[in-house]
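Before any comments, here is the structure.
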Amino acid sequence: MLSKSLATVNPCSMCMPMGSVLVFRGIENCMTLFHGSQGCSTYMRLYLAHHFREPVDIASSALSEKGAVYGGAANLKQGLRNVIKGYNPKAIGIATTCLAETIGDDVPQIVREFQAEEPLAKDVTFISVSTPSYAASHEVGYRVALKNLVQTLARKPEPGGGRTSGLTNNGRIDGRINILVGSIVSPADVRYLKRLLDDWGLGYILLPDISETFDAPLSEDMPRIPLGGTPLDDIRDSANSKATVTIGGLVQEPGAGDFLKKEFEIPHTPLPLPIGLEYCDRLVACLEELTGEAMPEGYERERGRLLDTMVDAHKIVADARTAVFGDTETVLGLTRLMTELGMRPQIIATGAINPAFAEAAAKLAPDSRIMTGADYSEIAEEVSTRGIDLMVGPFTGRQTAKKEKVPLLRVGLPNHDRFGASHQLMLGYEGTMHLVDRLANALIESKEGGPA
Amino acid sequence: MIVKIFEGREGHIQQKGDDCLPLSCNNDSLAGAVSQRACVYSGARVVLNPLTDALHLVHGPIGCAAYTWDIRGASSSGPDLYRNSFSTDMKELDVVFGGEKKLAAALRELADRFHPPAIFVYSTCIVGIIGDDLGTVCKKAAEELGIPVLPVKSEGFRGNKNEGYKAACNALFELIGTRDYTPKSRYSINLLGEYNVAGDVWSVKPFFEEMGIEVVATLTGDARVAEIQRAHAARLNLVQCSGSMTYLAKKMEEKYAIPYKRISFFGLQDMASALRTAAEFFDSPEMKEKAEEIIVRETARVTPRIERHHARVSGKKAAIYMGGAAKAVSLVRAFQEMGMDVVIIGTQTGDRDDYEKIAYIVKDGTVIIDDANPLELKELLIKQGADLLVAGVKERFLAYKLGIAFCDFNHDRTISFEGFDGMVNFAREVDITINSPVWQLPVKRESPIAGRSDLTISAGVEDVIQEPCHS
C-alpha cells in the first residue's frame, strides 16, 4: 500500500463552499453569496453550469487586495446590498472562502451590522456558514450549510401564538416529518422523493429541494431566481415536526437532524440513501413506522419491478469486479446494490476523509480495497492491479478509465461530459431499477467492445 | 442608460452614439453583481495550462485545482501531463504553520514521479495571506531538481484576470532564452496568445510553413517547455490574444529585440491579413506571392461551404461577450463577413484602448459593456433583440433560457474556429443554432379546452400564445 502522497494528483473531491451552494439553491427564493475573491464564485458557477446545464448565479463579495488587508466588511455589505437590489431574494446564503477565513472576517457580526444599518435587509433572511476550502471537502460544506440553515431558522411557536405556517401540505395539523436530503443527489431524485411522499399522503418538509431550481423548465419569463425550493416557513416549521429522517446520513457527522433532536427533542433517524433493495426498504419501513400508513400499492409494484429487473440482470452482472468512487453516501448505496446483485466491488473510494465510511464499506464488502481521502492517482493504481471490469462514479474518473481501458458509468456530481445529470434518477425502487439497467448495459457494451 | 440594475455600473455600459465619456474598465468587479470574471489565478492558468509537458502545481487548498482540472479544450499533439491536476491540497495546519515545507516536499515528490521538464507553481489566495515565500522555495527546488521551477504569483484577490496574464507572462519570460537555438529557416516566428483550443493551431501553422516560415514556439497552445525556452531565437512575434500576451511581446522586444505584430487567425479577412503581415515583415517577394496564392486558393476552397450558411443567417443580430477584447474585435469582422449585425459587445477584461477600438468598428446603437453580469446581459439581450449570443459556458444557459441561440467561443469549446476551415465550422455553428427547429416549438401548449366556460378546471390554461419565445 502506498503511503499518502504529499501532493494531490487529480482530486476526487471539491471544496467546502461548493457543498453550500447545493443547499442554498434548494431554498425558495434564495441567493448564494461567497465572501471571498471573485474567482471562487465564477469557478463554481462554471462547474455547476456544466453539470446541471442551467444558469447558476452565485454572487461574490469580490474581495480585492484592499479588502484582504483591511478586512472584507465593506465589500460584504456592498455585495449583500447589491444582491438584494438585483435579485430581490427572500434569503441569502453566505458561505465563506479560504480568503475570508484566513483574514479572519467575522461574518455573522458583519451581517448583524448590515441588518442594523440597511433598511433593505429588513425582509431578508441571512444564513451564514463557515466553509474554508482547507478545512474539509464539499460534502462537509453541504452538511454544515444544511445544519446552519436549520439552526438559523427552526423555531418553536411563541407561547400563545399559532404555528408558524398553519396547515401542513396535506391539510393535516399533526406534526409533519422532516425529510432531510443529507447528501448531494440529482433534481430527478428529489422529484421522485416528493412524488413518493405525496402519493403516500404524508405530511413532510423536504430540505433542501433542488428538484426545480437546478432543473428549471423553459418558460416565457425567466425569473431572476429559479422557482421552487423549500419555503422558508417550512424550514422554520421544521422545529415542530414529529420526526426527522435524514437520507444520506449513514456515515456523516452530526448535522441538521441531530440539531433538531438536541434542540427540539425531535426523534431523528439517519438512513442511507435509498439505493438498492435493502436501503429502499429501510426508508419505506421507517416511514411506515413513523406514520402508521402503508406505502401505496403502486410502489409495491414498483418494488416488484425492481426485483424482477435484478433477477433479469443477475447473470450479466455476476462477479463483475467494480471500482466505486465519489461522494460517501452515494458510494455506499451503489456498493450495497452491487453486492445485492452478486457483483464484486473491489475498490470503494472517496475523496472525503471519513472513518465511518471506511467502517461501513468494510461491512458491505469485506474483501475490497477501501480508500478515504483518495485522489485519482491512487485509485488508478488500484484499478490497474485489480482487474476491474467497470468503474462507477463521477466523470472525473474518465482519465483513469481511459488509461486503464475500463468502462466508466457516470453517476453523481460532477458529470460534465454526458447529458442528463439533472435527470439521472438513482434513488428509490425506480432509481435503483435504472441503475441496474445501466450497470448491465455498461457491462454488455464493454464486452461488445462498445463505448467506454 | 439602456440598462440600470446596479449603482456604480453606469460607466461600464454605453450605447454607441451616446455622447459620453470613455467606458470605465479594468477595475475591480462590483461586489454582489455576479461578475462573469474569474480571478488572477484563473488568468494565469488560462495562459500557462496549454503547455503540454509541464507540470502545473497549484499551491493552495483543493478547490482551485479541482475546478481547473482538464476543463479546457486546449489540445496536445503529444504529451498530456498538463491534463492532470496537481495540488498541495493545503489543510488547516498548513495554513497555520505555513505551506513552504509541504510545497518543497511536493515538488521533490512530483518531479520524481513525473519527470517534467519544468514545473509551474501557482500561488492562490491564502498563500498570499499567510506569506509563503514561493520564490525562495521554487529557486531552491530548481537547484536541487535541475529543472526550471517557476513561481506564478497568482493570488486570486490581487486584481482581475489581467494580473494573472502578467504573472503567467513573467513566468514564461523567465523560461525564454534558456536554451540555445538557431532556426532552420531564415524566416522564423513565434505565435503568441494562441492556445490551440480544439486544435486551432493545426489549421494555421501549415500555412506559415508553406510560406517558408518556421514557427519556433506557440505560446502556449500545444507547446513544449523546450520550445518556449528557445522562443528568443525567432525574428518576429505574432500576437493573437493581445490582452494576455502583449505584455510578454513587449518584454521580448525590449530584451531580445524581437518586434511584434498583432494578428488574428479568426475570420477569412483576419486570417489573410495575418499571412500578409508575416510576409510583409520579412519583405520577401516570393513569400508575399506565396501568401497571396494561399489566400486565393483557400478562400476559393472554403467560400462555397461558408456561403451556404451565410444565406441562412444574414440579417440576424449577434451579441458578443468575450473574456478578452481581441476575440471580440475579430468576431465583429467575422459577423460583417456573414452579413450579421452586432447589437451587443462586451468583454471581461478589455482596457481603454480595446474599447476605443471596439467603439470605432461597431455600428451606432450597439451596446458596449465591460465586466457584465447575468442580470445586465439578460436585459440587454432582450432589449437589443439578439438572435445569437457568442460567449462561454456560464452564459450559454442564460441564452438558452431566453430562447436565444448560442455559440461557444471560449476556452472549453471543442470545435476549431481558426484558419480557413475554422471559419466553415464557425459559420455552421452559427447556422445550426440560429436555425434550429427547437426555437419554433411553442413554449406554451395550446389547450383544446382553453376558455371553455363549461369546464371549471382552468389551472395552468391561460391565453394561448402561439408565438415562440424566439421571434
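Projecting the Cα positions of A:338, A:135, A:21 onto the charge dipole of chain A (unit charges on Cβ atoms of Lys, Arg, Asp and Glu, taken about the Cα centre) puts A:135 furthest along the positive direction. Summing Cβ point charges (Lys, Arg +1; Asp, Glu -1) relative to the Cα centre of chain B gives a dipole of roughly 300 debye.
Take peptides B:142-152, A:336-346 and line them up by average Cβ neighbours within 10 Å, highest first, as a rough protection proxy.
Values: B:142-152: 18.5, A:336-346: 21.9.
Taking the mean over residues of other Cβ atoms within 10 Å, the ranking is A:336-346, B:142-152.
Which entries of B:153/B:317; B:327/B:401; B:140/B:166; A:405/B:327 show an alpha-carbon separation above 30 angstrom in the structure shown? Before the final figure, lay out each step's value.
Details: B:153/B:317 41 Å; B:327/B:401 25 Å; B:140/B:166 23 Å; A:405/B:327 38 Å.
Table pairs above 30 Å Cα-Cα are B:153/B:317; A:405/B:327.
Partner lysines whose Cα lies under 21 Å from the Cα of residue A:262, excluding those fewer than 8 positions away in the same chain, are identified as A:147, A:156, A:242.
Approximating the spin labels as points 7 Å out from Cα along Cα→Cβ, the residue B:453-to-residue B:286 distance works out to 9.1 nm.
Enter the Cα centre distance for the pair the range A:396-447 and the range B:117-170, rounded to the nearest angstrom. Cα centroid of the range A:396-447 versus Cα centroid of the range B:117-170: 38 Å apart.
As I understand it, the value is the acute angle between the Cα axis of helix A:138-153 and the longest principal axis of the Cα atoms of chain A; what does it come to in degrees, rounded to 10? Value to nearest ten degrees: 40.
Can you tally the net charge around residue B:92? Count Lys and Arg as +1, Asp and Glu as -1, for every other residue whose Cβ sits under 13 Å from the Cβ of residue B:92.
Numbers: positive: B:91, B:102; negative: A:101, B:89, B:94.
Result for the local shell: -1.
Peptide A:134-143 is shielded by partner chain Cβ atoms: per residue, an average of 3 of them sit within 10 Å of its Cβ. Counting only residues at least eight positions apart within a chain, or on another chain, the lysines with an alpha carbon under 17 Å from that of residue A:122 are A:77, A:85, A:90.
Short-range pairs are left out: with C-alpha atoms under 8 Å and at least six residues apart, the relative contact order of chain A is 16 percent.
With 26 Å as the limit on Cα-Cα distance, the pairs of B:261/B:290; A:66/B:255; A:194/B:394; B:205/B:290; B:139/B:205 that go past it are A:66/B:255; A:194/B:394; B:139/B:205. As a proxy for reagent exposure, A:224, A:398 were ordered by neighbouring Cβ count within 10 angstrom, fewest first; the result is A:224, A:398.
Highest mean first, what order results for B:195-206, A:112-123 on Cβ atoms within 10 Å? Mind showing how you got there, number by number?
Working: B:195-206: 22.8, A:112-123: 12.8.
Result, highest mean Cβ count within 10 Å first: B:195-206, A:112-123.
For residue B:85, the residues whose modelled amide H falls within less than 5 Å of its own, excluding neighbours fewer than 5 places apart on the same chain, are A:10.
Averaged across the residues of A:10-16, what count of C-beta atoms belonging to other chains lies within 10 Å of each residue's C-beta? Walk me through the numbers on the way to the answer.
Working: counts 9, 10, 2, 4, 4, 8, 3.
Taking the mean over all residues of the peptide, I get 6.
Specify which residue in the list B:137, A:30, B:43 is farthest towards the positive end of the charge dipole of the protein assembly as shown, using unit charges on the beta carbon of Lys, Arg (+1) and Asp, Glu (-1), about the Cα centre. Farthest along the dipole direction, towards plus: B:137.
Annotation: amide H of residue B:407 within the under-5 Å range of B:389, B:390, B:391, sequence separation 5 or more or interchain, hydrogens built in the peptide plane. Other protein chain C-beta atoms within 10 Å of residue C-beta, averaged over A:53-63: 6.
Using a simple charge model, +1 on the beta-carbon of Lys and Arg, -1 on the beta-carbon of Asp and Glu, nothing else, what dipole does the protein assembly as shown show about its Cα centre, in debye to the nearest 20?
Numbers: 100 positive and 120 negative charges, 180 e Å.
That gives the protein assembly as shown a dipole magnitude of about 860 debye.
Ranked by the mean number of other Cβ atoms within 10 Å per residue, highest first, peptides A:210-220, B:124-134, A:31-41, A:359-369 order as A:31-41, B:124-134, A:210-220, A:359-369. The angle separating the long axis of helix B:285-313 from the principal Cα axis of greatest extent in chain B is about 30 degrees.
3J(HN,Hα) along the range B:403-418: x, 10, 5, 9, 10, 7, 10, 10, 6, 9, 5, 10, 10, 6, 10, 8 Hz, from the Karplus curve 6.51 cos²θ - 1.76 cosθ + 1.60 with θ = phi - 60°, whole Hz, x for Gly and Pro. Taking the Cα centre of the range B:188-300 as reference, the dipole from Cβ charges on Lys and Arg (+1) and Asp and Glu (-1) amounts to some 460 debye. For residue A:28, the amide hydrogen comes within under 5 Å of the amide hydrogens of A:230, A:232, counting only partners 5 or more places away or on other chains and with H modelled in the peptide plane. The string of couplings for the range A:10-24 from the Karplus curve (6.51, -1.76, 1.60, θ = phi - 60°) is 6, x, 10, 8, 10, 9, 4, x, 4, x, 5, 4, 5, 7, 4 Hz, one whole number per residue in order, with x for Gly and Pro. Look at the alpha carbon pairs under 8 Å that are at least 6 residues apart: their mean separation over the length of the range B:68-174 gives a relative contact order of 23 percent.
How high is the relative contact order of chain B, in percent, counting Cα pairs under 8 Å that sit 6 or more residues apart?
Working: 935 pairs, mean separation 79.0, N = 471.
About 17 percent, as a whole number.
Taking the C-alpha atoms only, the angle from helix A:376-385 to the longest principal axis of chain A is near 10 degrees.
Each value in this text was obtained by applying a stated rule to the coordinates, not by laboratory testing. Computed from a prediction, not measured in an experiment: that's the story for all the values here. Because the Cβ atoms are built from the backbone with ideal geometry, glycine has one as well, and the counts that use them run over all protein chains shown.
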